[in-house]
Structure formats: structure tokens, C-alpha cells
Ligand SMILES: Cc1cc2nc3c(=O)[nH]c(=O)nc-3n(C[C@H](O)[C@H](O)[C@H](O)COP(=O)(O)OP(=O)(O)OC[C@H]3O[C@@H](n4cnc5c(N)ncnc54)[C@H](O)[C@@H]3O)c2cc1C
């Protein structure tokens, strides 16, 4: 059986980021990057947005930058703020993938579906199915697995961040390119959770306009189309437009603590390894933090775990929010409007990146509807003490 020092399962955001770091940072060790060719398992093309200082390591793949963000409340009040010293950046997944792959000279690229990963004393073994249907094994000293999670514990709150976006071209110049719209809460709100519009303006005539919900169930085609027509027409008043492409996705937002280490030699990375920030769905930055920690540990000859993409206290605060949204105790639109109206945007961005101090966290908490948050806190604390069992049937998430 073939053997490598490190096997990375999945060549999405996390697998590619880790392969990129190990290519440079682990001389003398063999690394394999295994990804499936099965269309049902492959992620669709997507845009990744994130914020960081002006100069960043993925700048060669960055397609757009914004130096200001706005949020629009349910009543139309608009809060606009510079992001300085940070910049909101957008990367297109095919460009990121091409950039990383072009630098992978030493990494062995394996096209196969991983059927399972068996942990063992002398090494882990990946059972693979190639394009011709034949099965083979690959042994590895360490495995980093980014296959999407299949389910979450039933006592966790798990919402879906689900959305569809249109890449539009309008007849008239309608977009202000100086600021991306992070949340436009003027859309009709679901009974539980929250719904909002999201706009990435590329030029006065072109933008990615999305309709997003944080709720339990996804919509059907007709539901997304109706929501986008309402948002682009009634709310934004875009007038005549053509749609050149569509982006759609589902991101799990869960209070479950996803185990990073699942065996002696097996670790999870990416969304599967808890890199997704539960309250927002943003994952790209968490993936970078996580893969940087792993690469540094391996380069220093240390065991890689436990690498947490987000601080525990922020995960707890997010769990309370998810519980409150899911139980209907927190009015989602009111919550996010008060969060953005009551805090300097750069502080909120740092909070979402896990770099605020406990004192800053408290001051952010004080700007939210405190009574509703306390009820959600009580409910989440009680739920956390109930026995755990696995939830099934959650379907594919990414
Ligand atoms: C449409 C969309 C837009 C998003 N936008 C943002 C954003 O703007 N900012 C942000 O921070 N986050 C965003 N996210 C969330 C997150 O960044 C992405 O989901 C990200 O792709 C997660 O990276 P990952 O590596 O964990 O998973 P994926 O990128 O899904 O990678 C998983 C990999 O595993 C492979 N795989 C699956 N099964 C097997 C198998 N059995 N054998 C071998 N390989 C397998 C797949 O082919 C894939 O390459 C978005 C998500 C979606 C869906």
C-alpha cells in the first residue's frame, strides 16, 4: 500500500490552504491531497469574502476590495462605516484554487473518493475509490479530513445559513461601489431566525445581490426566486436587469462543538473542523487561522491539535444567539440592527475574528436586546445539560 506522511482529504478552502502551507513548511515530508471527481460531492463555484489588513497573503487571488460596509435596518435606517484598518475582500473560488494548485510542486495530487478513514496505531488508512470504480488504500501518519459534516448532535441548535445570489447587470447605474451591504434587513422576516439582503457592488451597473436566511429549512427554487425578485425590485428598485450567473449555498450554523481530533492520527479541518463562525457562517478566515496553526505545529515537530478556529467564549455567545433565534426569543432583525448601530464596525469585525478582549465582548453584549439574550442564555444552558444523541437526516450542507 502507498504511504505518505500527511494525507489531506478534500481540496476546498481548507484542504487547499493546508496543502499550500505544508508545501512550503514541511520539507522532506510527503503530502497527498485527495479530492473526489464525483460531481455530487464537489462544491459549486463560490465567492469568499473576508476582512483583513490591506496587505494579505491571498492578495494575488483577491478580485474586489471594499473599504466601507453598510447595514440597513428594518425601517430603512442605514449605518455606513469605514472598515479601516481592515479591508473587506472577495476571492473567487476557481481563482483561489488555480493559484494554490499552481504552487503545489511536491504535493501528490490524488483524484479519488475517500470512502472511509481508519485510524490505527501504525498509521491511518484511507480507503479510496478511483474514477474507474476500483478501490485502493493509502496509508498516512496523519490525516486532515475536510469532508463536509453529515449531522450534528440533537441537543445542539443547528440553523442553516441558506442563500441564493444573482450576478446582475442593471440598465441604469444603481450601485454605490464604495461600500458593500452586509445586511439589508428590509426584507420580510421569517417567524424565527432572520432574513436579509447582501450586496457586493462591482460597478455602478453590476453587483452580486443575494437573499439570505438563517433558519432551519431551506427554500425551494420558487421561494428564492420570489425573494430575490422582491428584494431587487420592491426594496432596491433596481429596475431593468439581467442575471448573468447564480450563486447558491447552505452553510451550517451550529452550537455543536465539532471535534477537531477524531482519532490518534485523524483531524478535521474546515467547516467539518469547526472553522465556520456559528453566528455568521464566515469560514475563510477561520480556515486560514486553523491551517496556519497546524502547519506551524508540524513544522516544529509538535502534534497538531487542538487547533480551535474561534475562542470558546465566542462560540458560547454564538450558541446563545442561535438558541434565541431558533426558539423565537430573539427578534433577528432587531438584534442585528442594534448590534451594528451600537458598535464601531471595526470592533465588530475584530469580535467576529475572535480578537476582542472580554471587556469589549461585554460592551458588545450590552448593545443587544439584553432581556431576550438572557432568556436565550437560560434556554441554552438548560439544553446543554440534556443527554446527547446524534441527529440524522440533515443532508448536504455545502
Ligand atoms: C456559496 C457559498 C458561499 C460562501 N461564501 C463565504 C464567504 O463569503 N466567506 C466565508 O468566510 N465563507 C463563505 N462560505 C462558507 C465557507 O467558506 C465555504 O463553505 C468553504 O468552502 C468551506 O471550506 P471547506 O474546505 O471546509 O469545505 P469545501 O470547500 O466544501 O471542501 C470540501 C472538499 O471535500 C471534497 N470531498 C467531499 N467529499 C469527499 C470524499 N468523499 N472524498 C474526497 N473528497 C471529498 C470536496 O470535493 C471539496 O473539495 C460560503 C459557502 C458557500 C456554500
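Residue-level check: of (1) part of a helix (DSSP H, G or I); (2) in contact (Cβ under 8 Å) with a residue 40 or more places away in the chain; (3) away from the ligand (no atom under 15 Å from the Cβ); (4) surrounded by 20 or more Cβ atoms within 10 Å (Cβ to Cβ), residue 346 misses just (4).
When the strands (runs of 3 or more DSSP E) confined to region 195-282 are screened for residues that are within 16 Å of the chain's Cα centre (by Cα) and surrounded by fewer than 17 Cβ atoms within 10 Å (Cβ to Cβ), those reaching at least 1 such residues are found at 241-254. Counting residues in region 301-324 that are under 14 Å from the mean Cα position of the chain (by Cα), within 10 Å of the ligand (Cβ to nearest atom) and surrounded by fewer than 24 Cβ atoms within 10 Å (Cβ to Cβ) gives zero.
Tell me, please, whether a residue that is touching a strand residue (DSSP E or B) at 6+ places or on another chain (Cβ under 7 Å), outside the structural domain of residue 52 (by TED's automatic domain parsing) and outside any helix (DSSP H, G or I) can be found in region 306-321. Within region 306-321, one or more residues are touching a strand residue (DSSP E or B) at 6+ places or on another chain (Cβ under 7 Å), outside the structural domain of residue 52 (by TED's automatic domain parsing) and outside any helix (DSSP H, G or I).
Name the residue, out of 105, 116, 141, 84, that is without any contact (Cβ under 8 Å) to a residue 60 or more places away in the chain and either within 14 Å of the ligand (Cβ to nearest atom) or farther than 15 Å from residue 15 by Cβ (or both). So the residue among 105, 116, 141, 84 that is without any contact (Cβ under 8 Å) to a residue 60 or more places away in the chain and either within 14 Å of the ligand (Cβ to nearest atom) or farther than 15 Å from residue 15 by Cβ (or both) is 116.
Here residue 194 does not fit the description of being modelled with pLDDT under 95 and touching a helix residue (DSSP H, G or I) at 6+ places or on another chain (Cβ under 7 Å). For residue 57, the requirement of being surrounded by fewer than 15 Cβ atoms within 10 Å (Cβ to Cβ) and either in contact (Cβ under 8 Å) with a residue 60 or more places away in the chain or more than 9 Å from the ligand (Cβ to nearest atom) (or both) is met. Any residue at all in region 10-32 that is within 21 Å of the chain's Cα centre (by Cα), within 16 Å of the ligand (Cβ to nearest atom) and in a strand (DSSP E or B)? No; the residues of region 10-32 include none that is within 21 Å of the chain's Cα centre (by Cα), within 16 Å of the ligand (Cβ to nearest atom) and in a strand (DSSP E or B). Taking region 364-378 as the range and being closer than 13 Å to residue 340 by Cα and part of a helix (DSSP H, G or I) as the test, the residues that pass are 364, 365, 366. Residues in region 283-300 that are surrounded by fewer than 20 Cβ atoms within 10 Å (Cβ to Cβ) and part of a loop (DSSP other than H, G, I, E, B): 300 alone. Residue check: is residue 247 outside the structural domain of residue 316 (by TED's automatic domain parsing), within 13 Å of the ligand (Cβ to nearest atom) and modelled with pLDDT of 95 or more? Taking the combined requirement at face value, the residue satisfies it.
With respect to the stated conditions, residue 64 fails to be under 30 Å from residue 137 (Cβ atoms), surrounded by 14 or more Cβ atoms within 10 Å (Cβ to Cβ) and touching a strand residue (DSSP E or B) at 6+ places or on another chain (Cβ under 6 Å).
Evaluate the following for residue 76: is it outside the structural domain of residue 144 (by TED's automatic domain parsing), at positive phi, more than 14 Å from the ligand (Cβ to nearest atom) and surrounded by fewer than 16 Cβ atoms within 10 Å (Cβ to Cβ)? Spelling it out, residue 76 is indeed outside the structural domain of residue 144 (by TED's automatic domain parsing), at positive phi, more than 14 Å from the ligand (Cβ to nearest atom) and surrounded by fewer than 16 Cβ atoms within 10 Å (Cβ to Cβ).
The values are calculated or read from the model by the stated rules, or taken from the named source; none is laboratory data. Please read these numbers as outputs of a predicted model, since none were measured by experiment. Positions of Cβ are backbone-derived with ideal geometry, glycine not excepted, and every protein chain shown enters the neighbour counts.
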